[in-house]
1. Sort 49, 70 so the one with the fewest other Cβ atoms within 10 Å of its own Cβ comes first.
2. Per 0.36 nm of contour for each residue apart, how much would the distance between residue 59 and residue 40 grow if the chain were fully extended, relative to their Cα-Cα spacing?
3. How large is ³J(HN,Hα) for each residue in the range 49-57, as worked out from phi by the Karplus curve 6.51 cos²θ - 1.76 cosθ + 1.60 (θ = phi - 60°), to whole Hz, x for Gly and Pro?
4. Lysines near residue 68 by alpha-carbon distance under 17 Å, same-chain residues fewer than 8 away left out - which ones?
5. If we count every other residue with Cβ under 11 angstrom of residue 29's Cβ, Lys/Arg +1 and Asp/Glu -1, where does the sum land?
6. Could you list which residues have their amide H under 5 Å from that of residue 20, counting only those 5 or more apart in sequence or on another chain, with H placed in the peptide plane?
7. For the range 13-72, what percent of Cα pairs sit more than 18 Å apart?
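Read-outs: derived from the displayed coordinates by stated rules, not from any lab. Everything numeric here is computed off the predicted structure, so don't read it as measured data. Cβ placement follows ideal geometry from the backbone for every residue including glycine, while neighbour counts extend to all protein chains displayed.
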Amino acid sequence: MNQQFELFDITNPCIGVCTSNKKGYCFGCLRSRPERQLWLSMTNEQRREVLRLIVGRKQRIEQMRQRKGEQLGFDFEEDVDMGELF
């Protein structure tokens, strides 16, 4: 199997927010506590895997936001007869 050589190091995804939720995931970079702690000792392959996981986490967060928006979506431009509400 051919091995691909890295020309550049994979940069740390930290954006300097560094605040974690209850499960230990950073609000800024979406990495877990072990992913943040072990980043410097990870191989490039392991770092690529973490970046792949981050993409999936971002997608799930966006999907949850969209669903929440659909559930809470009100059309305030629409005239509603007060009799319909009660």
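1. Lowest count first: 70, 49.
2. 4.3 nm
3. 5, 4, 4, 5, 5, 4, 4, x, 5
4. Here the lysines satisfying the reach criterion relative to residue 68 are 58.
5. Charge balance in the 11 Å sphere: +3.
6. Residues meeting the criterion, in which the H sits 1.01 Å from N, are 27.
7. When all Cα pairs of the range 13-72 are counted, 40 percent exceed 18 Å.
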